[in-house]
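I'd like to ask some things about the structure below.
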Amino acid sequence: MLVKWSKDLEIGVPFVDADHKVLINLLNQVDNCITEQEETTVLGSVLEALVSYTDYHFTREEKLLELAGYAAIDEHKDVHQMLFHKVRAIYHSFFADRESVRVDDVRSFLQSWLTSHILVEDAKYRDACIDKADAATQAGMIPFIHTNGSHVPFDEWGLLRVLLVDDNPNFGKLISTILKAVGITNIEVTQTPSEGLALMSRRPADVILCDWVMDEMTGTEFAAKMGEMEIPSRVVMLTGYSVDTLQSKVTSANISAYLEKPVNAHDLLDVITRTTFNA
Ligand SMILES: [Fe+2]
Ligand SMILES: [Fe+2]
């Protein structure tokens, strides 16, 4: 792990600390994927999540500063803009040329973010915000995603059970980070479809995110077996191919939705919302 969360990084406002943990987790995952050369698909998904979550964190942190009447809010916003610009630059250079994201760039960015921002800049607003419980509650309630103009309340995410079946452990870590960030804590991850079926026959999840290409059996075969075993979970098929290609090859009553890799955090949560809450 590149950076470990520690008490030194704590600001004392719960949603801020929770966001910082998610961001550190994502940055560690970026580092992991770069170190493991073949992880470009996962790296794309991690960078997507990092950009979205950075934007989200800055939005609600700035809301907190505004509601708490923090005097130096404009300076803080300027630093956020600069950091967001850097995250987006890494993201865009990756999608322009997948070999271009260098571990040294990411490491130095991470270091400047942590040392100069969380430890110095964010720590500065601590005294102005620590006793403003109402401001923290209001800012903390800003949702990560809006679906169809509404959003899923935090406590409803907490009721969901999700299974991920994907033979790539780095992808499993990323999906868990995104799901935990919105409050989904009932997450099971398995790298083998047969283990996934065994888990689901004991206690079905609400939604199963399943990779299409796996060694043991394909996602389509997995979904067919789910049908045979009368497991009621909804299956979302994940694919490195385009959704159109997959849909033209695979149609199954047991598959509720398709999602393309690199996975975008908003699309992932949106598809879960559509297949479960709005089903
Ligand atoms: Fe900040
Ligand atoms: Fe922050």
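When region 90-141 is examined, which residues are found to be more than 26 Å from LYS7 (Cβ to Cβ), at pLDDT below 80 and surrounded by 17 or more Cβ atoms within 10 Å (Cβ to Cβ)?
If the condition is that a residue be more than 26 Å from LYS7 (Cβ to Cβ), at pLDDT below 80 and surrounded by 17 or more Cβ atoms within 10 Å (Cβ to Cβ), then VAL101 is the only one that fits.
In a helix (DSSP H, G or I), within 13 Å of ligand 2 (Cβ to nearest atom) and within 17 Å of LEU23 (Cα to Cα) - does that describe any residue in region 91-110? Give the steps one after another, and end with the answer.
Looking only at region 91-110, we keep the residues that are in a helix (DSSP H, G or I), and these are 91-96, 103-110.
Then drop every residue that is not within 13 Å of ligand 2 (Cβ to nearest atom), which leaves none.
Looking through region 91-110, none of the residues is in a helix (DSSP H, G or I), within 13 Å of ligand 2 (Cβ to nearest atom) and within 17 Å of LEU23 (Cα to Cα).
Filter region 30-67 down to the residues that are touching an Asp or Glu at 6+ places or on another chain (Cβ under 8 Å) and not hydroxyl-bearing (Ser, Thr, Tyr) and list them by number.
Selection gives ASN32, CYS33, HIS57, ARG60, GLU61, LEU67.
Would you point out the residue of region 18-51, among those that are at pLDDT below 90 and among the small types (Gly, Ala, Ser), that is nearest to ligand 2 (Cβ to nearest atom)?
The extreme case among them is ALA49.
The values are calculated or read from the model by the stated rules, or taken from the named source; none is laboratory data. Please read these numbers as outputs of a predicted model, since none were measured by experiment. Neighbour counts are summed over all protein chains in view; Cβ atoms, including those assigned to glycine, are modelled from backbone coordinates with ideal geometry.
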